[in-house]
Amino acid sequence: MGPLIPNDLIPFEWNLVIAIIIGIAFGYILESSGFSSSRKLAGVFYGYDFAVLKVFFTAALVSVIGIFYMDYLGYVDFSMLYVHPFYLWGALIGGAIMGVGFVAGGFCPGTSLCAVAIGKIDAMIYVIGIMIGVFIFSEFYSFFEPIYDGYFYGNITLTESLNISPYWFILFFTIFGIIAFALSDMVRKKVKKVFY
Amino acid sequence: MKIQNKHTYWNPYFGGFLLGLLILFTFYITGRGLGASGAMKSSVVSIVDTVSPEHAKNNAYYSKFIEEDKSSLNNWLVLETLGILIGAFVSGGLAGRISLKVQHSPKITSKRRLIFALIGGVLFGLGAQIARGCTSGAALSGMAVLSTGGFVTMLAIFGTGYLVAYFFRKNWI
C-alpha cells in the first residue's frame, strides 16, 4: 500500500533517483504547456490566455480525485500523506506578496526554472530575485517569525476546517472548475487578443 | 492570413491532466507533493553557509536547514529541480524554443522588463518563505490533499494577482 517510500516498499536510496525522474516529467509538462512564457502566464490576469487556470485546475482536480479514489480502494493510506500546514496569516500574507510578485515578474518559481532552461534572460533575473527574497526573509527572520510560526492550526484539511465530507467537497470543486473553464472561454472571446 | 501565436503549446487540459497524474504518482511514491522554491532556498542557505558558516549557524532560519556532514544541497527538492531544468530543456529543444533572449511586450523596453522581473522575483521569494511554499509546493500539492493551507495560499496568490493586475497592465497588454 502506498505511499511506497514511507512504507519501505521502495528502498530509501531510490528516493533521489525518483526525484530527478519526477522533476524531468514536471519540467517537460510545464514547458510543453507553455509555462516557460511569462506573457502566456500573465494572460490569466488580463483575460487573454487562461492556460494557467486550465492547467492548474485540471491538475488539482485529477490529483485530488485520484488520491481520494486510491485511498478509497486501499492503494494509498491518506493519513500517511504530507498535508501542507495551515498558518493562517502566513498563508494570507505570504500568498498576497506572491500574488504581487507573480503579476510583476510574470513567473512563479517552477515556471521561471522552465524559462531559464530555454534561455530566457528575464527568468534568470527573476530566479536571482527569488534568492534575494529568501535572503531578505532569512536575515530579518525575527521580524517575520510571528506570522511564520504563529496562528498555526495544524496540518489540517478542508474536511476538518469546513466540516464537510471530502467526497462532497471534491464534487463541488469539480463543478466549480467546469464552470470556471466555461466562463474563462467566454471572457477570452470578449478580451482584445494579445500575440506573443 | 490569420495571425496566430508564434508557438503552439499542448492543449491546456492535456497538460493539466498529465500534471495531475504526475502529482498523484509523486504522492503515491514519496508521500509528498512537488516543489520548486525549496531548491532556491537550499541554494541561498548553501551560499551563505559557504561565505560565512558562523553567520549561517547563528541565524535562526538558516540553521534549520544546515546539517553536519551533509550539504544543504543534498536533498530531494534540489534533485527534483535539476530534473525540472532538464525536462524543460528537452521539451523546449524538441519544439525549437531555445534561444537566449529577454521576452517582453513590444510596448516596454527590455530594461523595464528586467527590473520588474527582479522585483517580482524578490517578492515571490519572500512570500514563498512566509507561506512555507510557492504555487507548486503549497498551492498545487496542498490542493491535491485538500490542505486548508494550500487552498488559502492559492486564493491569496490569485486573489491578490487580480487585485493588483490593473497597476501592472502596461507590462503585459
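Quick notes on this one:
- Segment A:4-105 - percent of accessible surface contributed by carbon and sulfur, probe 1.4 Å: 71 percent
- Scattering curve values for segment B:101-173, log₁₀ I(q)/I(0), Debye with Cα scatterers, q = 0.28 Å⁻¹: -1.18
- Qualifying aspartates and glutamates (Cα of each under 15 Å from Cα of B:K57; at least 8 residues distant if same chain): A:E139, B:D49, B:E67, B:E68, B:D69
- Relative pair counts by distance (%), Cα atoms of segment A:99-196, 5 Å bins: 2, 9, 10, 10, 13, 15, 16, 14, 8, 1
- Across peptide A:165-174, the average count of Cβ atoms from other chains found within 10 Å of a residue's Cβ is 1.
- Note on B:55-61: average number of Cβ atoms from other chains within 10 Å of each residue's Cβ is 3.
- Across all C-alpha atoms in segment A:1-99, the radius of gyration and Dmax reach 17.1, 47 Å.
- Cα centroid separation - segment B:112-152 against segment A:1-69, whole Å: 15 Å
- 10 Å Cβ neighbours from other chains, averaged over peptide A:145-156: 2
- Take segment B:101-173 with all the other protein chains still there, run a 1.4 Å probe, and you get 35 Å² of accessible area per residue.
- Size of segment A:46-117: Rg and Dmax of its alpha carbons, in Å, are 16.1, 44.
- Minimum 50 Å² accessible area buried by the other protein chains, segment A:1-39 residues, probe 1.4 Å, relative to alone: A:L4, A:L16, A:A19, A:I20, A:I22, A:I24, A:F26, A:Y28, A:I29, A:E31, A:S32, A:R39
- Modelled label positions at B:N74 and B:T50, each set 7 Å beyond Cα in the direction of Cβ, lie 1.6 nm from each other.
- Whole-percent carbon and sulfur share, accessible surface of segment A:116-172, 1.4 Å: 72 percent
- For the set B:T50, B:T160, B:T26, the ranking by accessible area, highest first and with no ligand, DNA or RNA atoms included, is B:T50, B:T160, B:T26 under a 1.4 Å probe.
- Computed over protein heavy atoms with a 1.4 angstrom probe, the accessible surface ordering of B:E67, A:E31, A:E145, largest first, is B:E67, A:E145, A:E31.
- Helix-only mean residue ellipticity at 222 nm for chain B, each DSSP H run of n ≥ 4 adding -39500 (n - 2.57), per residue, nearest 500: -19500 deg cm²/dmol
- Share of pairwise Cα-Cα distances greater than 27 Å in chain A is 47 percent (whole percent).
- Evaluating 6.51 cos²θ - 1.76 cosθ + 1.60 at θ = phi - 60° for every residue in segment A:152-162, the Karplus couplings come out as 8, 10, x, 7, 9, 10, 5, 4, 7, 5, 9 Hz, glycine and proline recorded as x.
- Listed residues A:V17, A:V100, A:V62, most fluctuating in chain A (Gaussian network, C-alpha, under 10 Å): A:V17
- Contact surface B-A: accessible area buried, both sides summed, square angstrom, 1.4 angstrom probe: 11100 Å²
- Among A:L88, A:L16, A:L41: highest mean-square fluctuation, GNM of chain A, C-alpha pairs under 10 Å: A:L16
- Chain B, relative contact order [Cα under 8 Å, separation at least 6], %: 23 percent
- Å² per residue, accessible surface of segment A:14-190 at 1.4 Å: 39 Å²
- Semi-axes of the equivalent ellipsoid for segment A:142-194, Cα gyration tensor, largest first, Å: 34, 23, 5
- Translational D in µm²/s for segment B:83-135 (Stokes-Einstein at 25 °C, 0.890 mPa s, Kirkwood Rh from C-alpha pairs): 181 µm²/s
- Every Cα-Cα pair of the protein assembly as shown was included, and the share exceeding 36 Å stands at 17 percent.
- Taking 28 Å as the limit for the C-alpha separation, the pairs B:K41/B:K107; A:K120/B:K170; A:K40/B:K64; A:K120/A:K192; B:K64/B:K111 exceed it in the case of B:K41/B:K107; A:K40/B:K64; B:K64/B:K111.
- Each residue was assigned an accessible area with a 1.4 Å probe, and for A:I21 the value is about 100 Å².
- With contacts taken as Cα pairs under 8 Å and at least 6 residues apart, chain A reaches a relative contact order of 30 percent.
- Estimated D of segment B:23-143 in µm² per second, where Rh is the Kirkwood radius over Cα pairs and Stokes-Einstein applies at 4 °C, 1.567 mPa s: 77 µm²/s
- Partners for A:K190 among aspartates and glutamates (Cα-Cα distance below 17 Å; same-chain residues under 8 apart left out): A:D49
The values are calculated or read from the model by the stated rules, or taken from the named source; none is laboratory data. As the structure is a computational prediction, the values presented were derived from the model and not from experiment. Every residue, glycine as well, gets a Cβ built from its backbone with ideal geometry; the counts of neighbours run over all protein chains shown. What goes into the accessible areas is simple: the full protein's heavy atoms, side chains included, and nothing from ligands, DNA or RNA. Shrake-Rupley method; radii C 1.70, N 1.55, O 1.52, S 1.80 Å.
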